[in-house]
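Trainee: This structure is in structure tokens; I'll ask about it shortly.
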Amino acid sequence: MAENDRPIANPSVVLREESDEWAILFDPDTGKSFGLNPISVFAWKRLDGRHTIRDIVVDLCHDYENVPEEAEAHIQEFVQCLVERGLARHEAQEPEHDHADNEDP
């Protein structure tokens, strides 16, 4: 997964949140569901093509206490699991370049 990778949720997948902050993802194309714990729900809601994995971890550290050091690896694994199930995809963004680099001398 590239550093500039911005995962994006499959727009046809439905998130059904329960009262205990857990949720179910339902893929109407396959009829399959996937359970999410509260942290996974937090990450899922940021799979919008604008947030990198690192952005999600920064937000997580801001909103929760005692986030473990390995949180970034766990979020990467979660996203990869979603991608393998067709529930999300990777959206790599080209790094922004300084426009002065493209000017003729």
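The numbers here are math on the coordinates, done by the rules we state, and not lab data. Since the structure is predicted, the reported quantities are computational estimates derived from the model, not experimental observations. Cβ coordinates were reconstructed from backbone atoms using ideal geometry, including for glycine residues, and neighbour counts include every protein chain displayed.
Trainee: Assign one of three labels to segment 8-87, namely rounded, prolate or oblate, based on the Cα gyration tensor with a ≥ b ≥ c the square roots of its eigenvalues; rounded applies when a/c is under 1.5, prolate when it is not and a/b is larger than b/c, and oblate otherwise. Display every interim value, and only then the final one.
Mentor: Numbers: a/c = 2.02, a/b = 1.50, b/c = 1.34.
Prolate, because a/c is 1.5 or more and a/b exceeds b/c.
Trainee: Can you classify segment 18-65 as rounded, prolate or oblate using the Cα gyration tensor, where a ≥ b ≥ c are the square roots of its eigenvalues, rounded means a/c under 1.5, and otherwise it's prolate if a/b beats b/c and oblate if not?
Mentor: oblate
Trainee: Only Lys, Arg, Asp and Glu count, each charged at its Cβ (+1, +1, -1, -1), so figure out the dipole size of segment 8-87 about its Cα centre, rounded to 20 debye.
Mentor: Working: 7 positive and 16 negative charges, 75 e Å.
Taking the Cα centre of segment 8-87 as origin, the dipole is about 360 debye.
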